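K.L.:
After the structure tokens below, expect a handful of questions from me.
The values are calculated or read from the model by the stated rules, or taken from the named source; none is laboratory data. The structure presented is a predicted model; accordingly, all values stated were derived computationally and were not measured. Reconstructed Cβ throughout: ideal geometry from the backbone, glycine too, with neighbour counts over all protein chains shown. Note: areas computed on protein heavy atoms with side chains; ligands, DNA, RNA excluded. Shrake-Rupley method; radii C 1.70, N 1.55, O 1.52, S 1.80 Å.
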Amino acid sequence: MVSKSLTTALLLQGAAAWPQMADMAARNNELEARIAPLAPFPEWPGKPNHALYNKFDAASQLVSVSGEHEWRAPGPGDIRGPCAGLNAAANHGYLPRNGIATAETINTGLREAFNLALDATLVLQTATMFFDGDPVSGRWSIGYHSDQTQSLGAIGNLLGNETGICGYGHLKTEGDASITRGDWLAPEDNSNCKSYPKFAQELLDLAKARTGGNITPQVLAEHQYNRKLHSIATNPNYFSPAYAGVAFTFGAHMFAFQLLANHSAEDPRGILTPEVFESMFGYTRDANGDLVYTYGYERIPDNWYKRGDDDMWDTADIAISTAQQCASYPTNCQVGGNTGKVNSFSGVDLGDITGGFINSVEDLSDPAKMGCFISQAIQADVPSFLDHVFEGSLLSQATALIPTTLVPALVSLGECPNLPQGKSVFAYGEGYPGAQFPSEGNRNPY
Ligand code: HEM
Ligand SMILES: *[C@@H]1O[C@H](CO)[C@@H](O)[C@H](O)[C@H]1NC(C)=O
Ligand SMILES: *[C@@H]1O[C@H](CO)[C@@H](O)[C@H](O)[C@H]1NC(C)=O
């Protein structure tokens, strides 16, 4: 059903943008492909209907930030992490305020607060629970490791020590070259949970240069490109896996506009001012006017209107906008990493890791292929990540849930007939210093 929406969107786009992009891609040799953007990133990415959306309904789009949804700072023991949206949702009680997510709270909370569509929350929540949390209890931490995700409590850590989405969860869902978070294995600025003002300022400066101030999808796509170049040039351990590196980090860049922008009758497609961005990302200004980040203080501003109920951002939008990234910035979609020195990026062979399903970065500018590429990557990684986290009967219980719980939740990425089995990041990351997966140590995640 939803794979049909991907195909429809592809056909609609096909009339205009795609053949042109494919032509341009074919005309460019590899060297030229390194110059960005190859084709302009669209002003309104995702399915074409979003570009035409012209409705506004104040009553259903206004998001409550009072009563049970009043903003409250996280208390002692409450967990916050690398995701501005999850942190803000928890601070307003749209997710549990302790920062421990469940399928039910994610699926309802993220629609109520942001109108992220159910098919997308299902993919994200299910993949994350298998990667970073406890597929048996369904719980996962929206930040670093917590004893509260384990079905057996703290003692259960011995049989399965779940990482949460940041800290040692690095490269499962969380990746390098984030909008404002650091690279976990970089020599400096290396928290992958907290936000760095210097990266937020770079985004605001780019927006100022491109639009006069407001942050747009095109600004975010260019920021992602800049962030990847920065990581390659400064982090000897930079690594970009298929899911966390190509799909998820870019998905988050799009969320920053699509889910955090304010809507109105004048701007039915949304507008993201620096002020709204700063509030949603936990920033205030000091006496000199400089950005100040307070960990876990993300806030939905008063009088903020989410996207329309009939204009939700869904799985097809994630796949299409990620494919659009690959068409515009092909180097962003290379899987691979630095080999221990800065500027030593070495890509892995896409044909090899996908069993011949994807053979070049150009293939990834096809949204239908992108959807299946994401699905394949999740399915290839889950067994290895489970194996690294769980032991004994917990491992067999969790593994038994792959066909019954994981695979059905991924259908909105496409039905992908005859999809070969992909390789896990443990296999293709071998030899890359950034793709080793220590599951514990004495790193402080902040
Ligand atoms: C189940 C749903 C979600 C999961 C599992 C999730 C997880 C994550 C993770 C792991 C990151 C770090 C990515 C990276 O390394 O760059 C992240 C970043 C981000 N997410 Fe989410 N997220 C979810 C939903 C949302 C929603 C609903 C929003 C917006 C309302 C959102 C907005 C963002 C933004 C803006 C960032 C970038 C933060 C930064 O780099 O400073 N996410 N998310
Ligand atoms: C959202 O837009 C409306 C209409 O322009 C405006 O009244 C409201 O203050 C905006 N909200 C925020 C948080 O900027
Ligand atoms: C679990 O992992 C965390 C880091 O994610 C670590 O701090 C903690 O010591 C580990 N606990 C056990 C019992 O291994």
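K.L.:
Only one residue in A242, A327, A323 is within 16 Å of ligand 1 (Cβ to nearest atom) and surrounded by 20 or more Cβ atoms within 10 Å (Cβ to Cβ), so which one is that?
P.N.:
After ruling out the rest, the residue left standing is A242.
K.L.:
Can you tell me which residue among A265, A247, A233, A221 is open to solvent by 20 Å² or more (accessible area, probe 1.4 Å), small (G, A, S) and either touching a helix residue (DSSP H, G or I) at 6+ places or on another chain (Cβ under 6 Å) or more than 14 Å from ligand 2 (Cβ to nearest atom) (or both)?
P.N.:
A233
K.L.:
To continue, here is another question. Hey, could you check the stretch 398-432 for residues that are among the polar types (S, T, N, Q) and more than 22 Å from the chain's Cα centre (by Cα) and say which is least open to solvent (accessible area, probe 1.4 Å)?
P.N.:
Taking the candidates together, the pick is T399.
K.L.:
Any idea which of (1) surrounded by 16 or more Cβ atoms within 10 Å (Cβ to Cβ); (2) modelled with pLDDT of 50 or more; (3) not acidic (D, E) is the one S5 doesn't satisfy?
P.N.:
(2)
K.L.:
Hey, does the stretch 120-133 have a residue that's crowded, with 21+ Cβ neighbours inside 10 Å, among the charged types (D, E, K, R) and away from ligand 3 (no atom under 11 Å from the Cβ)?
P.N.:
No, the stretch 120-133 contains no residue that is crowded, with 21+ Cβ neighbours inside 10 Å, among the charged types (D, E, K, R) and away from ligand 3 (no atom under 11 Å from the Cβ).
K.L.:
May I ask you to list the residues in the stretch 70-84 that are in contact with a helix residue (DSSP H, G or I) (Cβ under 6 Å, 6 or more places away or on another chain) and open to solvent by less than 20 Å² (accessible area, probe 1.4 Å)?
P.N.:
R80, A84
K.L.:
Within the stretch 138-158, is there a residue that is under 25 Å from S412 (Cβ atoms) and more than 16 Å from ligand 3 (Cβ to nearest atom)?
P.N.:
yes
K.L.:
Of everything in the stretch 134-150 that's touching a helix residue (DSSP H, G or I) at 6+ places or on another chain (Cβ under 8 Å) and open to solvent by 20 Å² or more (accessible area, probe 1.4 Å), which residue is farthest from ligand 1 (Cβ to nearest atom)?
P.N.:
D147
K.L.:
Please go through the stretch 100-138 and pick out each residue that is outside any helix (DSSP H, G or I) and either among the basic types (K, R) or at positive phi (or both).
P.N.:
N115, G138
Residue by residue, here is whether (1) within 12 Å of ligand 1 (Cβ to nearest atom); (2) at pLDDT 95 or above; (3) not aliphatic (A, V, I, L, M) holds:
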position	(1), (2), (3)
A247	yes, yes, no
F250	yes, yes, yes
A256	yes, yes, no
R269	no, yes, yes
L272	yes, yes, no
E275	no, yes, yes
T284	no, yes, yes
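K.L.:
Moving to a separate point now. Mind checking which residues of the stretch 184-197 are under 18 Å from L220 (Cα atoms) and either open to solvent by less than 10 Å² (accessible area, probe 1.4 Å) or touching a His at 6+ places or on another chain (Cβ under 6 Å) (or both)?
P.N.:
S195
K.L.:
Of the residues that sit in the stretch 200-212 and are open to solvent by 10 Å² or more (accessible area, probe 1.4 Å) and touching a residue at least 12 places away in the same chain (Cβ under 8 Å), which one is farthest from ligand 3 (Cβ to nearest atom)?
P.N.:
Among residues in the stretch 200-212 that are open to solvent by 10 Å² or more (accessible area, probe 1.4 Å) and touching a residue at least 12 places away in the same chain (Cβ under 8 Å), the one farthest from ligand 3 (Cβ to nearest atom) is R210.
K.L.:
Ok, one more. Filter the stretch 354-365 down to residues that are surrounded by fewer than 24 Cβ atoms within 10 Å (Cβ to Cβ), in contact (Cβ under 8 Å) with a residue 24 or more places away in the chain and touching a helix residue (DSSP H, G or I) at 6+ places or on another chain (Cβ under 9 Å), then give me how many there are.
P.N.:
The qualifying residues number 4.
K.L.:
Output the residues belonging to the stretch 85-99 that are open to solvent by 10 Å² or more (accessible area, probe 1.4 Å) and either out of contact with any Gly (no Cβ under 6 Å at 6 or more places or on another chain) or assigned to a helix (DSSP H, G or I) (or both).
P.N.:
G85, L86, G93, P96, R97, N98
K.L.:
What's the total number of residues in the stretch 336-368 that are of a type outside the set (G, A, S) and in contact with a strand residue (DSSP E or B) (Cβ under 6 Å, 6 or more places away or on another chain)?
P.N.:
2
K.L.:
Residues in the stretch 344-364: is at least one within 16 Å of P45 (Cα to Cα) and under 18 Å from the mean Cα position of the chain (by Cα)?
P.N.:
yes
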